[in-house]
Amino acid sequence: MAYFRPEIEAMTGYVPGEQPAEAEVVKLNTNENPYRCSPAVARAIEDALGRGLARYPHPMAENFRRQAAEVLGIEPDWILCGNGSDDLLTIVTRALVGPGQRLRLPYPSYILYKTLAELQGARAEEVRFRPDWTLDEGFFAGGNDPRLVFLANPNSPSGTVIPPDAVLDIARRLPCPLLVDEAYVDFAEMNCLDLVAQCDKILVSRSLSKSYALAGLRFGYLVAQPHMIEQFTKVKDSYNCDTLAAAGAAAALADRAWLAENRAKILATRGRLAEAMRGLGFHVAPSQANFVWCTRGDRPVRPLYEGLKRQGVLVRYMNYPGWGDGLRISVGTDDQIDRCLKLLAEML
Ligand SMILES: Cc1ncc(COP(=O)(O)O)c(C=O)c1O
């Protein structure tokens with residue numbers, strides 16, 4: 001007896017990066033921030049807890065929307081909050097892509113995009129990056145009637161970016177919305193926020209998991225024109241963001257000094273990590289994110305991943321069919337990165 005929809009039976013499901021229980025593991029595999037979040041977050045959560053949790057949260061997390069609107073210089077009705085940015089990717093996919101329709105995604109990129117297409121019973125149309133991580137005509141083409149296109153910018157695993165003028169050009173040529181996934185954008189030199197007002201096909205999603213050191217809180221937001229937000233709101237769970245998360249997230253966004261200081265530390269360590277990896281003979285993609293993608297032409301890197309893991313350092317090993325394998329190393333503290341580099345140097 002088959003209880004499930006055939007699409008569900010057929011799919012493997014998204015496999016998140018490992019989350020080991022041992023505290024002593026140096027965890028450089030899921031692009032978390034190695035530092036503690038702003039102290040303002042705990043204070044805001046305690047205040048919210050003090051007011052009690054008997055009531056449902058505001059359905060649109062209005063306190064967060066107002067704070068984000070102020071920081072971003074937009075109106076609150078351009079913002080939709082999510083239980084992590086993954087929640088927003090799900091909402092957008094459910095709203096735009098029906099069974100049998102096409103969802104376009106770059107390859108290699110965030111693996112969840114394909115999973116979301118599979119969940120909908122939609123067809124994932126993967127368009128390869130060029131070897132230098134730029135995109136060709138196939139990505140903008142209007143043929144095949146795509147209903148939604150995803151673009152992680154900065155991309156994962158590469159950390160590379162497509163500049164905003166090129167993103168606007170892609171969106172204008174596409175017949176459907178383009179979701180620019182800016183989960184890592186606070187570590188980059190550019191962003192696509194201003195494009196949203198210029199083109200209603202452009203949707204920008206952001207996460208508090210990486211640059212605000214709040215992966216455990218689960219909070220993200222989407223910026224789109226108000227008539228788009230109105231439609232996406234119909235698709236979300238009524239109370240998709242809880243009271244404590246919304247309070248903590250609003251406080252995190254308000255502490256701009258914390259963000260600037262954290263960003264500076266991560267960027268300094270990223271520069272050191274990339275240079276040292278090049279010194280060890282890796283090719284390192286030019287990253288504007290909080291991780292670096294390292295490959296080698298002369299040998300498979302899986303044994304290096306395994307060797308690091310045996311010695312308590314967890315990085316992400318990726319092997320993309322037709323593309324090759326590599327190590328994606330999240331930017332940790334300087335001590336963590338030194339440990340990782342020392343072990344790699346011993347193994348090479
Ligand atoms: C490209 C990209 N988008 C979105 C996410 C999800 O972020 P969140 O924790 O906000 O759901 C990730 C997480 O790794 C990611 O790599």
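Each reported figure results from applying straightforward, stated rules to the coordinates on display, with no laboratory input. Keep in mind that this is a model prediction, so the values were computed, not measured. Cβ atoms come from the backbone with ideal geometry, glycine included; neighbour counts cover every protein chain shown.
Annotations for the structure displayed:
- Here Met60, Met277 are placed in order of increasing Cβ neighbour count within 10 Å, fewest first, which gives Met60, Met277.
- Helix-only arithmetic for the chain: the sum of -39500 (n - 2.57) across DSSP H runs with n ≥ 4, divided by the residue total, places the mean residue ellipticity at 222 nm at -11500 deg cm²/dmol.
- The fewest-to-most ranking of His283, His227 by surrounding Cβ atoms within 10 Å reads His227, His283.
- Counting only residues at least eight positions apart within a chain, or on another chain, the lysines with an alpha carbon under 20 Å from that of Lys201 are Lys234, Lys236.
- Per-pair calculated FRET efficiency, R0 = 30 Å: Val235 and Arg55 via Cβ, rounded to 0.05: 0.80
- For the chain, leaving out every one of the chymotrypsin sites (Phe, Trp or Tyr not before Pro) that falls in a DSSP loop and has at most 10 other Cβ atoms within 10 Å, the longest unbroken run is 5-348.
- Length gained when the stretch Arg172-Ile8 is fully extended (0.36 nm per residue, less Cα-Cα span): 55.7 nm
- Among Asp132, Asp194, Asp181: highest mean-square fluctuation, GNM of the chain, C-alpha pairs under 10 Å: Asp132
- The chain: antiparallel DSSP beta bridges as a percent of all, rounded to 5: 50
- Of all lysines in the structure, those lying under 20 Å Cα to Cα from Lys210, and not within fewer than 8 positions of it along the same chain, are Lys27, Lys265.
- Listed from fewest to most Cβ neighbours within 10 Å, the set Arg55, Arg218 follows the order Arg55, Arg218.
- Descending semi-axes in Å of the chain, equivalent ellipsoid built from Cα gyration tensor: 31, 27, 20
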